[in-house]
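K.L.:
My questions all concern the structure below.
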Amino acid sequence: MTDPTLDPVTAWRRIAGTCVLLDGFHALKHAVRFGAEVPVAVTADRRAALALADELAPDVRAALGGLLTEVPEPVYRSLVPRPHPTAVAALAVRPSRAVNLEKLAHTPRTAPVVVLDNPRNLGNAGAVIRLAAGFGATGVVTTGTLDPWHPTVVRGGAGLHFATAVERLAVDELPAGPLFALDPEGDDIRGVKLPDEAVLAFGSERSGLSAELRARTDHLLSLPMRPQVSSYNLATSVAMTLYHWSATGGAISS
């Protein structure tokens, strides 16, 4: 993707507008671990970054050693909008829409797809992607205007976008499968076994499920909640639902 004769800073500036920013050691570690294509990676302290790899990610230490180039700290700070405490940053190639759609449409699915219906908070979206990766969900789909590959979302997801399929779709483009939507008026989730091919939908933090998604829903489910408590955080709701799926027979892929 980049000219190998270019120095890393020139290469960075040439491709930054077309790549995904991996902000920090952990984002780079996860991206490499799950097969991301990383054309350039820089650090203000290569020795410290590789010491972190020795301690926390020996499985990808060799790969990180081959990727990371040390640059002066002022140069590093000029490349990233919010310098990370680990002083590591990289650029990765975003998976194509066609690749993500193929993963989402593949059947039989062995884990649910999570749908965030018109989400508003970038940090919540990143946290959900991190959760989905941890539970081995097939993917995370957003509807509406939020870009699930926004740099703030990728930062919140700690590079785990590359461990699952992440795409923005219209409601009428959602993957096939029984659609279970979370709503306070739904049936108690504790009485329902969620199938692996389920599509699990969560409404906007502000307004809940859209009318369009609600019309497509096969089952409305509710999470247990103490009276007079109005709601859970979006990422918490997703975590509770995915845990329920896994605890009632869903397999977290290795």
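The values are calculated or read from the model by the stated rules, or taken from the named source; none is laboratory data. Please read these numbers as outputs of a predicted model, since none were measured by experiment. Every residue, glycine among them, receives a Cβ derived from its backbone with ideal geometry; neighbour counts consider all protein chains shown. Side chains are part of the model used for accessible areas, which takes the heavy atoms of the whole protein and leaves out ligands, DNA and RNA. Shrake-Rupley method; radii C 1.70, N 1.55, O 1.52, S 1.80 Å.
K.L.:
Could you go through the stretch 161-168 and let me know if any residue there is at pLDDT below 95, more than 18 Å from residue 117 (Cβ to Cβ) and within 16 Å of the chain's Cα centre (by Cα).
P.N.:
no
K.L.:
State the number of residues belonging to the stretch 44-87 that are of a type outside the set (Gly, Ala, Ser), part of a helix (DSSP H, G or I) and free of Cβ contacts under 8 Å to residues at least 40 places away in the same chain.
P.N.:
17
K.L.:
Something else now. So, of the residues in the stretch 140-160 that are hydrophobic (A, V, I, L, M, F, W, C) and in contact with a strand residue (DSSP E or B) (Cβ under 7 Å, 6 or more places away or on another chain), which turns out to be surrounded by the most Cβ atoms within 10 Å (Cβ to Cβ)?
P.N.:
The residue in question is 140.
K.L.:
Go through the stretch 206-216 and count every residue that is in contact (Cβ under 8 Å) with a residue 40 or more places away in the chain and either crowded, with 16+ Cβ neighbours inside 10 Å or of a type in the set (Lys, Arg) (or both).
P.N.:
5
K.L.:
Still on this structure: Among the listed residues 6, 22, which satisfies the condition of being open to solvent by less than 50 Å² (accessible area, probe 1.4 Å) and within 20 Å of residue 130 (Cα to Cα)?
P.N.:
One residue alone meets the criteria, 22.
K.L.:
Within the stretch 14-50, can you find the residues that are under 16 Å from residue 151 (Cβ atoms) and not hydrophobic (A, V, I, L, M, F, W, C)?
P.N.:
17, 18, 23, 24, 26, 30
K.L.:
Here's a follow-up. What is the residue count in the stretch 104-131 for residues that are over 14 Å from the mean Cα position of the chain (by Cα), basic (Lys, Arg) and open to solvent by 40 Å² or more (accessible area, probe 1.4 Å)?
P.N.:
Residues in the stretch 104-131 being over 14 Å from the mean Cα position of the chain (by Cα), basic (Lys, Arg) and open to solvent by 40 Å² or more (accessible area, probe 1.4 Å): 1 in total.
K.L.:
On to the next question. Looking at (1) within 17 Å of the chain's Cα centre (by Cα); (2) surrounded by fewer than 17 Cβ atoms within 10 Å (Cβ to Cβ); (3) modelled with pLDDT under 95, find the lone condition where residue 35 falls short.
P.N.:
All conditions pass for residue 35, except number (3).
K.L.:
Based on this model, can you work out whether residue 101 counts as touching a residue at least 60 places away in the same chain (Cβ under 8 Å), closer than 24 Å to residue 214 by Cα and open to solvent by 30 Å² or more (accessible area, probe 1.4 Å)?
P.N.:
In short, yes.
K.L.:
Which of the residues belonging to the stretch 217-250 are farther than 15 Å from residue 191 by Cα, more than 19 Å from the chain's Cα centre (by Cα) and either surrounded by fewer than 17 Cβ atoms within 10 Å (Cβ to Cβ) or of a type in the set (A, V, I, L, M, F, W, C) (or both)?
P.N.:
Correct list: 218, 226, 227, 228, 229, 230, 231, 232.
K.L.:
Given 176, 137, 163, which one is under 28 Å from residue 102 (Cβ atoms), of a type outside the set (Ser, Thr, Tyr) and open to solvent by less than 20 Å² (accessible area, probe 1.4 Å)? Write out each step before concluding.
P.N.:
Numbers: 176 fails: open to solvent by less than 20 Å² (accessible area, probe 1.4 Å); 163 fails: open to solvent by less than 20 Å² (accessible area, probe 1.4 Å).
The match here is 137.
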